[in-house]
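Novice: Supplied in structure tokens, the structure appears directly below.
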Amino acid sequence: MIRVPAEPSGPFPEAWRHCVGTGRLDLALRRDYQDSLKLLQREIGFRYIRGHGLLSDGMGIHRPYEWQGARHVRHSFTYVDQVVDAYLELGIRPFLELGFMPEELASGDQTVFWWRGNVTPPRSHREWAGLVRATLAHLVDRYGLDEVRTWPIEVWNEPNLSDFWQNADEQAYHRLYEVTAHAVKEVDPELRVGGPALTPGADDWLERFAQFTEDHEVPVDFVSKHAYTSGPAQHVPFGSHQTLAPATDLLDQFAAPRDRLKGTRLAGLPVHITEFNSSYCPDNPVHDTAFHAAYLAPVLAAGGDHADSFSYWTFSDVFEEAGIPTALFHGGFGLLTHRQVKKPTYHLYAFMARMGPDLLARGDDHLVTRHPDGRVTVLAWAPVDASGETPGPERHRLRLSIPVGGAEAFVRRSTVDEEHGNARTAWQRMGSPRSPRPYQLDVLHEAAEPARRHLRLPVEDGRADLDLTLARHEITLVEVTPVADEAPPWWDEGRLLGRQDTP
């Protein structure tokens, strides 16, 4: 029996919901996308959203033209306004990523993704700086300086990979960052700019980035990087399979910037993990599973100890980097499929949203918090073996002594495992239909809801004993509330059917 302390050890960090990822920004113009984000915000409530393509041609900002023998540029914000308006109406702010390169400004024709984001340096840094200044000045004019000052501004995405930055040219990235950071500060010195948004395995860039920005007196307000735990992709038609490192490897990656930047001018700056997940492939079936929720539970529970934010990549399967998905469940990054079918990892986040602000206890298989009204919340998970070499036990037991007031406690338990809160299981049983019919979608929405149970427990000496048995790959949320019984003293359940004598 684990005795949970009655007094909190401190506040529980909300780094887990500071930001969430999205597909390219112009997808936000679609109904399915906006319906998904509305659901997400109602049940989870992320603070910021980050995605690619703000400056790509799909958003249509950079519009060069010829007039009287000279080149001019018109900056158009038709789509930007619609996207940002939609975000703000749903209570989420943009975490701006400046990229990719507009075709008419690009120095080359190298692109990435099905939607062809250009990843070459600008052929004119002056024109690029003008694009950055014009975009931010428009946002300040439309939404107000105080508002836009709260939006982090990240320069590019994964420049250490040749897929995302031509030849992974580090010096060229440093030059881009320098020009961009100064352009941002010309709009307003208090706008927050940072980078370099590195992939796992490129941490040696961090020290050189710090040295460059010190040598050239370049502003940096935060440091960003990405974290994934998957090995090389094993491709099959319309899918990928990969090995996984233990989830603790994600926590090590979250901690890396602070460790690597000690003693540099960037030490002590906020650290934002602007992408994280298990697999970096948008067609890996592991993303859709109950295993995935149990795998990531300890990361959400402890990630705030290592970074100021860690942004799940991504909130929805409305996402087209590898092309248009060919099936409802296709291994997409999203917490939600198309048509808002919730995945098990969605429920992990929804459970986290119901945790309290005060941290009471945390272990290898549990997190315990308390709300101001005295309600104690427990997130528990069955530990998993990321190697896949052992299936794990069919049952995992956790016994907790919970501090709670009153003589009895009301217990509400919500469960997600292989059978509950797991629409993928129902989808497979109905034949894995690539385009489910309306009736099938109704079944999947129903199957996606967690199992829920309620009971009362005795409280002795200010404590209730909670004995949990978790199924394989289960995550469970238990909410324990002191009972204030308002049943009248004359009520007798034994007389429900009118009998005069109670058996």
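The values are calculated or read from the model by the stated rules, or taken from the named source; none is laboratory data. Note that this is a predicted model, so its numbers are computed, not measured. We place every Cβ from the backbone using ideal geometry, glycine too, and count neighbours over all the protein chains shown. The area values use the complete protein model at the heavy-atom level, side chains included, leaving out ligands, DNA and RNA. Shrake-Rupley method; radii C 1.70, N 1.55, O 1.52, S 1.80 Å.
Novice: Taking chymotrypsin sites (Phe, Trp or Tyr not before Pro) as exposed when DSSP calls them loop (any state but H, G, I, E, B) and at most 13 other Cβ atoms lie within 10 Å, what is the longest stretch of the chain free of them, the sites themselves excluded?
Specialist: On the way: sites that count: W114, W490, W491.
Excluding the exposed sites themselves, the longest stretch runs over 115-489.
Novice: So, one more: For a quick check of your reading of the filter: which GluC sites (Glu not before Pro) in the range 401-486 sit in a DSSP loop and have no more than 11 other Cβ atoms within 10 Å? Present the calculation step by step, with values, prior to reporting the outcome.
Specialist: Details: sites: E408, E418, E419, E446, E460, E474, E479, E486; in loops: E418, E419, E474, E486.
Of the GluC sites (Glu not before Pro), the ones in loops of the range 401-486 whose Cβ has at most 11 other Cβ atoms within 10 Å are E486.
Novice: Expressed as a rounded percentage, what relative contact order does the chain have, with Cα pairs under 8 Å and six or more residues apart? Could you put the intermediate results ahead of the total?
Specialist: Values: 1102 pairs, mean separation 77.1, N = 503.
It comes to 15 percent, rounded to a whole number.
Novice: Trypsin sites (Lys or Arg not before Pro), restricted to the range 244-276: which are DSSP loop and have at most 11 other Cβ atoms within 10 Å? Let's see the in-between values first.
Specialist: Details: sites: R258, R260, K262, R265; in loops: K262, R265.
Taking the range 244-276 and a limit of 11 other Cβ atoms within 10 Å, the loop trypsin sites (Lys or Arg not before Pro) found are K262.
Novice: Probe of 1.4 angstrom, ligands and nucleic acids ignored: what's the accessible area per residue over the chain, in square angstrom? Can you show the working numbers first?
Specialist: Details: 21680 Å² over 503 residues.
Using a 1.4 Å probe on heavy atoms only, each residue of the chain averages 43 Å².
Novice: Another question about this same structure. Which value, in debye to the nearest 20, gives the size of the charge dipole of the chain about its Cα centre, when Lys and Arg are +1 and Asp and Glu are -1 at the Cβ? Present the calculation step by step, with values, prior to reporting the outcome.
Specialist: Values: 51 positive and 71 negative charges, 155 e Å.
My answer is approximately 740 debye.
Novice: Using a 1.4 Å probe over the heavy atoms of the protein chains, calculate the carbon and sulfur portion of the accessible area of the chain as a whole percent. Numbers along the way, then the final one.
Specialist: On the way: 10450 of 21680 Å².
Within the chain, the accessible surface is 48 percent carbon and sulfur.
Novice: Over the alpha carbons of the range 21-155, what is the largest minus smallest coordinate on each principal axis, giving the biggest first in Å?
Specialist: Largest first, the range 21-155 extends 54, 34, 23 Å along its Cα principal axes.
Novice: Once the dipole of the chain is set up with Lys and Arg at +1 and Asp and Glu at -1 on Cβ about the Cα centre, which of P196, S432, A255 lies farthest towards its positive end?
Specialist: S432
Novice: Answer with a single label: of [x] 102, 53, 47; [y] 69, 48, 41; [z] 71, 57, 45, which was calculated as Cα extents along the principal axes in Å from the structure in view?
Specialist: Only one listed value fits the structure, namely [x].
Novice: In whole Å and largest first, what semi-axes does the C-alpha gyration tensor of the range 360-425 yield when each eigenvalue is scaled by 5 and square-rooted? It would help to have the intermediate numbers written out before the result.
Specialist: Values: eigenvalues 157, 45, 22 Å².
For the range 360-425, the ellipsoid semi-axes come out as 28, 15, 11 Å.
Novice: Compute the angle between helix 248-260 and the longest alpha-carbon principal axis of the chain, please, reported from 0 to 90 degrees and rounded to the nearest 10.
Specialist: In the chain, helix 248-260 runs at an angle near 50 degrees to the longest axis.
Novice: Quick one: work out the % antiparallel among DSSP beta bridges in the chain, nearest 5.
Specialist: Bridges in the chain are about 70 percent antiparallel.
Novice: In deg cm²/dmol and to the nearest 500, what is the mean residue ellipticity at 222 nm of the chain if only DSSP H runs of at least 4 residues count, each as -39500 (n - 2.57), divided by the residue total? Spell out each step's value before the answer.
Specialist: On the way: 11 runs with 131 residues, N = 503.
The helix-only estimate for the chain comes to -8000 deg cm²/dmol at 222 nm.
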